[in-house]
1. Need the failing condition index for Asn371 against (1) in contact (Cβ under 8 Å) with a residue 60 or more places away in the chain; (2) farther than 23 Å from Gly456 by Cβ; (3) touching a strand residue (DSSP E or B) at 6+ places or on another chain (Cβ under 7 Å), just the number.
2. Could you list, in sequence order, all residues of the range 250-270 that are over 30 Å from the mean Cα position of the chain (by Cα) and charged (D, E, K, R)?
3. Select from the range 144-190 the residues that are closer than 21 Å to Gln293 by Cα and among the charged types (D, E, K, R) and write down the one among them that is least open to solvent (accessible area, probe 1.4 Å).
4. Please determine, by comparing only the residues of the range 294-335 that are outside any loop (DSSP other than H, G, I, E, B) and of a type in the set (Val, Ile, Thr), which one is surrounded by the fewest Cβ atoms within 10 Å (Cβ to Cβ).
5. Only one residue in Pro688, Pro592 is out of contact with any Lys or Arg (no Cβ under 6 Å at 6 or more places or on another chain), within 26 Å of Lys731 (Cβ to Cβ) and open to solvent by less than 10 Å² (accessible area, probe 1.4 Å), so which one is that?
6. Would you confirm whether any residue within the range 210-219 is among the hydroxyl-bearing types (Ser, Thr, Tyr), in contact (Cβ under 8 Å) with a residue 24 or more places away in the chain and open to solvent by less than 70 Å² (accessible area, probe 1.4 Å)?
7. Quickly run through the range 336-389 and pick out the residues that are within 20 Å of the chain's Cα centre (by Cα), outside any strand (DSSP E or B) and of a type in the set (Lys, Arg).
8. Considering only residues that are open to solvent by 10 Å² or more (accessible area, probe 1.4 Å) and either of a type in the set (Lys, Arg) or within 28 Å of Asp94 (Cα to Cα) (or both), which ones fall in the range 614-630?
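The values are calculated or read from the model by the stated rules, or taken from the named source; none is laboratory data. Quick caveat, the model's predicted, so the values are computed rather than measured. Every residue, glycine as well, gets a Cβ built from its backbone with ideal geometry; the counts of neighbours run over all protein chains shown. Just so you know, the surface numbers come from the protein's heavy atoms only, side chains and all, with ligands and any DNA or RNA stripped out. Shrake-Rupley method; radii C 1.70, N 1.55, O 1.52, S 1.80 Å.
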Amino acid sequence: MTIKRRDFLLFFGASAGTFVLNSCQQKFSMPFGDAVNSTKGAANVQGGINFKPVNGPMPLQTSSTLAKTGQLVQISTASAEQQAQVYKTYEVADDLILPEGFTYDIIAAWGDKVGDSRFGYNNDYLSFVETGKDEGFLTVNFEYISAKPWVEAYQKVIGKALPFDKLKEAMQSAGRTGINAFAAIDKNPTKKMVREVSKAALIDVGIGVISIFRNDDGRWVRTNSPADRRITGISGLEDGHYLKATGPAVAVFNKKGKGYIDKLGDKIIGTFQNCAGGTTPWGTVFSAEENIQNFVPEPVFADGTSFDPGNKNFYMDGEEIGGLGNVFGLAGNKYGWMVEVDPVNSIDYGTKHTWLGRYRHEAVGIRAVANKPLAFYSGCDRRSGHIYKFVSKNVVKDPTDKANSKLLTDGMLYAAKFNADGTGSWIALKADTPVNPDLPSRHAGGIINLPKRPEGGSFKVEKDAVAVAFKQKFKTLGDLYEGTEKEKQGAILIDAHYAANAAGATCTARPEDTEIAPNGSLYITFTSGSASDSDGGPDLRIFRGKDGKAYEYGWIMHLIEDGNEPSAMSFKWKMFATGGEPADGGLGFANPDNLGIDKSGNIWMVTDMSSDTLNAAIPAGRVDKEGKPISQSNLRGLYGNNALWFLPASGPNVGEAFLFAIGPMDCETTGPFFTQDEKTLFLAIQHPGEINGTRKDLAAESRQFAMKTTDGKEFMQTRKVPIGSNWPSKKVNEPPKPAVVAIRRVDLRSVGL
């Protein structure tokens, strides 16, 4: 469901010409160039934008294409026959494809030197904190390890061999349970191999800070400043660069309890699974620890202490390398937080603010308004994850003052309750909050997970009667957690997802970004409305397709706090954009992920389709060999590679989606971030070649796709698809490497502006 201009205005209670929505006659600023009059822009470039959209494999309402006659026509006016003729063939490129007049420069790639370490793997969120004209610090998240390309290329890129083959043999003996190296004696040869590989992998995740500047020809290049540094998954283990912690969970870290204790107190070894993040008005950067359950045990006991490291063994397969914290005895309750780093401070190795909650964090939206409490928004990127808001006890005095970080040491964490009528409220995650879980029957997958007592961890609830009985047995969150008042609050924060489930927060559709618009409202990307057997799925009263069932392709939601107050306890929401094919009412993208919002409030959105679905062939009729309809998840092959999209928040095409860039093979496009002058967009290209590894001898194959025109008529497309990747070098047989690029315009005249 796409909000058109009239609906958008009504949602805001605004009129044309307000700051919220510029009218199409007003002059507004567009990135990559000087101010552009939208009326002129509409005359020169379709849609009133200052670039010509690139053409993907799918006909879109916002695409331009050549009809049979060779004349440039708008897809929306082209016939189904014209669309089918033009799109009957398509060639996928193993490159970052940009509009005419744009180029990109490689800033850094996996293995490049950073301080006394290296640029990590699978770069994600990017932040550029400017320290002067055309210079500043680029902070980069490094999320996880893609096993196939990482193992294939490690020796060539890093210059060191690792015992992969012998470890694979040991894995075969260990079976599906993996290797519990933590329990083995230090002299055990398998433990030594696990430690060596785990250490190398943990060095390649975490956070990096690099200094860059723009030279005279417009390129951004590194300065290799002494302040350049890495915060890795093992920082503190050998170098003393422990991370710090604030807030109630520190009381849990410092005590003996039911579970595993690492004996480090409030010191924390490293950070990992660093996915999205956010940048504060005072110049610090927040990094979100997401899928920590792949590296350490996620469950905790009622007192907030961790399960034993042996509950997450080391494993390595063709897709990923996990259980990396096992051999080092890392305590699981110290991961899954937001990490704050000051890029300018060369001795800052990160602080985990526990009032922000522990869960599978994706991004953070930061709202700092003078004389009002500080508000931090974040989402838990799991199927059934929640939206959270932290509100500080004290108020912001100056939004640019670095003392604002201290406001994160006291306040309250809330979880969102969405109502089907477009309203919502915030539920405090504290001891006296009533237990009131939603019924599993209301969710995709028919599942909700609740804290398991007295054993610890959680249990799956599939019957409404069990949820009702749980509510009758436990009256408040305080009945589910143990310790002193401060320790109990710490335990609730450590177990935030399950505490929020117990309190009745709404299970959502994999929230992957929370971004504050210039007017203070909040945009949220929900990547996928499908369910899983373990986590369940979203509340179908809120997140559903036209048929009322689970919907895979995702949404962008717009949320406005009542009174536009950061500390408001109620809000209004509406879907701003919906993924899916145009013929079905979607905008032509699938699985929206990170957002960037420019100064005019326009949205720049990247997608996160699973690597194994990219360009997967779709047979005629969209049915499998048994004649059964292909699932929405498997239909994602239609959409090609992951990409970067532009969605105007004002003007004549508000809520439409224009394709700005297409990523290389098997990659995810992540972390879009503009310079202050909006002439450069930094973008991270994550895991190129994740499925097929290095592209050998320019290998490619032709595949068949049952596509649809914008009005729903099926036609077959022959698509040439590279097998593997050689990006960013683009040299034959060179290994793929994650890298960060700077996108800039090189010729304004090429788009007629």
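1. Going through (1) in contact (Cβ under 8 Å) with a residue 60 or more places away in the chain; (2) farther than 23 Å from Gly456 by Cβ; (3) touching a strand residue (DSSP E or B) at 6+ places or on another chain (Cβ under 7 Å) one by one, Asn371 breaks only (1).
2. Those that are over 30 Å from the mean Cα position of the chain (by Cα) and charged (D, E, K, R): Lys255, Lys256, Lys258, Lys263.
3. Applying the filter and picking the extreme gives Lys148.
4. Out of the qualifying residues, it is Ile321.
5. Just one listed residue meets the conditions, Pro688.
6. For the range 210-219, residues among the hydroxyl-bearing types (Ser, Thr, Tyr), in contact (Cβ under 8 Å) with a residue 24 or more places away in the chain and open to solvent by less than 70 Å² (accessible area, probe 1.4 Å): present.
7. Hits for the range 336-389 are Arg358, Arg360, Arg382.
8. Step one: list which residues in the range 614-630 are open to solvent by 10 Å² or more (accessible area, probe 1.4 Å), which gives 614, 616-617, 619-630.
Correct list: Leu614, Ala616, Ala617, Pro619, Ala620, Arg622, Lys625, Lys628, Ile630.
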